1. Suppose we filter region 34-52 for residues that are farther than 21 Å from R66 by Cβ and within 14 Å of the chain's Cα centre (by Cα); how many remain?
2. Identify the residue in region 53-78 that is surrounded by 11 or more Cβ atoms within 10 Å (Cβ to Cβ) and assigned to a helix (DSSP H, G or I) and, among all such residues, is nearest to the chain's Cα centre (by Cα).
3. Between a residue in region 35-56 that is touching a residue at least 12 places away in the same chain (Cβ under 8 Å) and any residue that is outside any helix (DSSP H, G or I) and open to solvent by 100 Å² or more (accessible area, probe 1.4 Å), which pairs come within a Cβ distance under 8 Å, given they are 6 or more apart or on different chains?
Amino acid sequence: MADRDFHDTPSPGTGRGAGRGAKPGAEPDGEREAERRRRRAQFLRDLAEARQLRDRVQPRRAKTARLRHAMRMRTFRW
């Protein structure tokens, strides 16, 4: 279908790196990878903090989730 190839056509005015202020090849791969790891680590910390908060606020739901997870692990076959 011709109308489904929108993934191949970029939006006008946006290229790789546009909007972020980065030029292709401006950063070495190591620095870009390190920045990505830092952002990912921060995201995972925030996610864990949000889960802890949710567990404190909704203890019954947290207990149910723990029991459900334990049941899944008991019935899982290696």
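1. Of region 34-52, the ones farther than 21 Å from R66 by Cβ are 34-43, 45-46.
Next cut, within 14 Å of the chain's Cα centre (by Cα) only: 36-43, 45-46.
Counting residues in region 34-52 that are farther than 21 Å from R66 by Cβ and within 14 Å of the chain's Cα centre (by Cα) gives 10.
2. So the first thing to find is which residues in region 53-78 are surrounded by 11 or more Cβ atoms within 10 Å (Cβ to Cβ), and the list is 54-55, 58, 61-66.
Next cut, assigned to a helix (DSSP H, G or I) only: 54-55, 61-66.
Values: R54: 19, D55: 21, R61: 24, A62: 22, K63: 25, T64: 25, A65: 22, R66: 23 Å.
Ranking the candidates gives R54 first.
3. none
The values are calculated or read from the model by the stated rules, or taken from the named source; none is laboratory data. In this text the structure is predicted, and so the values were computed from the model without any measurement. Every residue, glycine as well, gets a Cβ built from its backbone with ideal geometry; the counts of neighbours run over all protein chains shown. For the accessible areas, the whole protein counts, side chains as well, though only heavy atoms, and no ligand, DNA or RNA atoms are used. Shrake-Rupley method; radii C 1.70, N 1.55, O 1.52, S 1.80 Å.
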